[in-house]
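Taking it in order: structure first as structure tokens, then the write-up.
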């Protein structure tokens, strides 16, 4: 029984699975990911429009963030990502500033704040971000930033995929009702 619980918890943590990098970052894959980034705000609006405060304050898994915290986390995370992308295009392999996302999620605005401002922020941000990404050529998509926590440089091409996945990943959390998965 413990093994089934672990499998279920893994599915709850990663409802769409882990990010899998393709063998090659083709223009069509990049374009698909950019469209996923562009589409995320509307999908989040739809996924949350009928949720009550009680549902928004329900964790997506035991010990996990609430759906409200997930929405606010997406705004926090994607603001940082947008900035990182712009830095990578304008500087030579800049070292990015990590942030403590778990602590940010515990701030009162993330725990109890209305989600409409974060959804509106994501709508505007993703509009700008997707438009910016569509202007990048292959050389710019190969530009990198250095992540000090990983002690590694990451290309923008890879990160377009990571953030498309990140949005779908957390959309999966918002749409999930783990209580219905109990047997």
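The values are calculated or read from the model by the stated rules, or taken from the named source; none is laboratory data. The structure presented is a predicted model; accordingly, all values stated were derived computationally and were not measured. Cβ coordinates were reconstructed from backbone atoms using ideal geometry, including for glycine residues, and neighbour counts include every protein chain displayed.
Observations on the structure shown:
- So residue 92, is it surrounded by fewer than 17 Cβ atoms within 10 Å (Cβ to Cβ), modelled with pLDDT of 95 or more and not in a helix (DSSP H, G or I): yes
- Residue in the range 129-151 that is in a helix (DSSP H, G or I) and either modelled with pLDDT under 95 or under 15 Å from the mean Cα position of the chain (by Cα) (or both) present: yes
- Residue 84 being in contact (Cβ under 8 Å) with a residue 60 or more places away in the chain, exposed (fewer than 13 other Cβ atoms within 10 Å of the Cβ) and either in a helix (DSSP H, G or I) or in contact with a strand residue (DSSP E or B) (Cβ under 9 Å, 6 or more places away or on another chain) (or both): no
- When residues of the range 37-46 are limited to those that are in contact with a helix residue (DSSP H, G or I) (Cβ under 9 Å, 6 or more places away or on another chain) and surrounded by fewer than 17 Cβ atoms within 10 Å (Cβ to Cβ), the one nearest to residue 118 (Cα to Cα): 45
- Some residue of the range 49-65 being surrounded by fewer than 17 Cβ atoms within 10 Å (Cβ to Cβ), over 16 Å from residue 174 (Cα atoms) and in contact with a helix residue (DSSP H, G or I) (Cβ under 8 Å, 6 or more places away or on another chain): no
Yes or no, residue by residue, for (1) buried (at least 17 other Cβ atoms within 10 Å of the Cβ); (2) without any contact (Cβ under 8 Å) to a residue 24 or more places away in the chain; (3) assigned to a loop (DSSP other than H, G, I, E, B); (4) out of contact with any helix residue (DSSP H, G or I) (no Cβ under 9 Å at 6 or more places or on another chain):
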| residue | (1), (2), (3), (4) |
| --- | --- |
| 99 | no, yes, yes, no |
| 105 | yes, no, no, no |
| 109 | no, no, no, no |
| 119 | yes, no, no, no |
| 125 | yes, no, no, no |
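- Unmet requirement for residue 151, which otherwise passes all of (1) under 30 Å from residue 57 (Cβ atoms); (2) free of Cβ contacts under 8 Å to residues at least 60 places away in the same chain; (3) surrounded by fewer than 14 Cβ atoms within 10 Å (Cβ to Cβ): (1)
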